[in-house]
Amino acid sequence: MYNPRWFKEDRLRFLREEIGRIGFGSFVTLGKSGILVSHVPMILDSSGRGNGLLYGHIARGNHQWRDTISGSEGLAMFLGPDAYITPRWYETKKQDGKVVPTWNYVAIHARGPVTFFDDPEQLRELVTKLTRKHESDASEPWEVSDAPEDYVSTELKMIVGFRMQITRIEGKRKMSQNRPEADIEGVISGLAERNRIRDHEVSAQMRALGHPQE
């Protein structure tokens with residue numbers, strides 16, 4: 001991705017945490033007929049060495065698992081909080097008017113070789129982990145074992161899992177770091193007041209970053 005120095009985020013811990021927080025992304029592979037894309041929940045296993053293993057699953061009826069070229073590299077893309085930034089919030093607008101609209105956002109790209117699998121036990125382990133992750137904030141979380149066993153077994157036959165050994169990961173956190181501090185404060189305040197979808201998340205990320213880079 002295009003990633004100017006102001007916005008480059010290469011802290012592995014942050015990238016892992018952000019993937020875990022976002023949870024949902026675009027899974028891209030190369031097929032015999034071209035690029036294939038699925039939008040699915042994914043989970044990162046960072047217990048081993050390196051950048052970690054990314055897991056997810058797609059419907060068996062989805063031809064991506066059949067058509068992906070064996071041994072080819074996959075790409076998983078995660079989009080974090082994002083928001084439109086109006087020039088009205090910039091102090092610079094009052095000074096010389098030389099401002100334009102932009103967009104603030106967090107984006108992470110993870111790449112690596114992809115393997116598909118349909119072993120029932122591996123799939124059960126995967127969906128159990130995904131379920132527990134997303135049910136973790138419930139007072140009475142739903143478990144895979146809450147459903148009838150024969151029903152679960154049938155459902156597992158309808159999906160195919162994938163794993164991707166992450167060999168390269170890059171992040172971009174575009175949060176107005178290239179703007180003067182007065183402009184940044186104006187954006188933080190503006191987002192807090194506007195309150196469109198994810199505005200407050202972007203405002204919080206900007207506040208956490210502190211002062212702009214030189």
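The values are calculated or read from the model by the stated rules, or taken from the named source; none is laboratory data. Remember, it's a predicted structure, so these values are computed and weren't measured experimentally. Every residue, glycine as well, gets a Cβ built from its backbone with ideal geometry; the counts of neighbours run over all protein chains shown.
Being loosely packed, with under 15 Cβ neighbours inside 10 Å, of a type in the set (Ser, Thr, Tyr) and touching a Phe, Trp or Tyr at 6+ places or on another chain (Cβ under 9 Å): is that true of Ser136 here? Even if it seems obvious, please write down each step before you answer.
Numbers: loosely packed, with under 15 Cβ neighbours inside 10 Å: yes; of a type in the set (Ser, Thr, Tyr): yes; touching a Phe, Trp or Tyr at 6+ places or on another chain (Cβ under 9 Å): no.
Taking the combined requirement at face value, the residue does not satisfy it.
Out of (1) touching a Pro at 6+ places or on another chain (Cβ under 8 Å); (2) assigned to a loop (DSSP other than H, G, I, E, B); (3) over 13 Å from Met164 (Cβ atoms), the odd one out for Glu140 is which?
(1)
Return the only residue of Thr154, Thr131, Thr92 being among the polar types (S, T, N, Q), within 30 Å of Leu209 (Cα to Cα) and either in a helix (DSSP H, G or I) or modelled with pLDDT under 95 (or both).
Numbers: Thr154 fails: within 30 Å of Leu209 (Cα to Cα); Thr131 fails: within 30 Å of Leu209 (Cα to Cα).
Only one candidate passes the filter, namely Thr92.
Considering region 110-128 alone, what residues qualify as being touching a Gly at 6+ places or on another chain (Cβ under 8 Å) and either modelled with pLDDT under 95 or in a strand (DSSP E or B) (or both)?
Those that are touching a Gly at 6+ places or on another chain (Cβ under 8 Å) and either modelled with pLDDT under 95 or in a strand (DSSP E or B) (or both): Arg111, Gly112, Pro113, Val114, Phe116, Phe117.
Can you run down the residue pairs with Cβ atoms below 6 Å, 6 or more apart or on separate chains, where the first is in region 98-114 and within 16 Å of Asp199 (Cα to Cα) and the partner is among the hydroxyl-bearing types (Ser, Thr, Tyr) and part of a strand (DSSP E or B)?
As it stands, the answer is Trp103/Tyr84, since those pairs meet every condition given.
I'd like to know if region 17-27 contains one or more residues that are buried (at least 19 other Cβ atoms within 10 Å of the Cβ) and out of contact with any His (no Cβ under 9 Å at 6 or more places or on another chain).
Applying the first criterion (buried (at least 19 other Cβ atoms within 10 Å of the Cβ)) to region 17-27 yields 18-19, 25, 27.
From the residues that got through so far, the ones that are out of contact with any His (no Cβ under 9 Å at 6 or more places or on another chain) too are 18-19.
Yes - at least one qualifying residue is present in region 17-27.
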